[in-house]
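In what follows, a structure is listed as structure tokens, so that the remarks can point back to it.
Readers should treat all values here as calculations from the given coordinates under stated rules, not as data from a laboratory. Model, not experiment: these values are computed from the prediction.
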Amino acid sequence: MREFRPAKRRVEVSVGESVRIVRELQELTQSQLAELTGIPQTTISAIENGRVNLGVERAKVLARALKCHPAVLVFPGWEVASESAALQGVRGATRRLRRSAQKQKKAPSGEGAIRGRPEKSLDGRSRP
């Protein structure tokens, strides 16, 4: 049988449609989302129907209530590479935190322990 590449489906989704999709996936009504966010239900309806722009602040509030990143709402058609810069940044920060925690475990504890230096007695010699 001949090898083939499956077709890529591309669907254009507007900002308002992305808000509606995520809201419906969370099984929330517009009224429930309005209660969670403090944004009037009529404004949420207008956003979903493209009559009102979402805006950065509303995107942040809605994203928090919908438990997603604001970019999911603001840039619905954006394609992300398998290893995005944001993901690399998170992984790098995680590695740095782990290394820092490991260093803290290895560092001597006590009153004289400063930046991993061994404690010294009053005469300047290192203590065992």
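Multiply the residue gap between Q32 and E3 by 0.36 nm, knock off their C-alpha separation, and tell me the result in nm, one decimal place. The Q32-E3 span can extend by a further 5.6 nm.
Pairs of Cα atoms under 8 Å, at least six residues apart: use those to get the relative contact order of the range 15-74, whole percent.
Working: 56 pairs, mean separation 23.9, N = 60.
Contact order relative to length: 40 percent.
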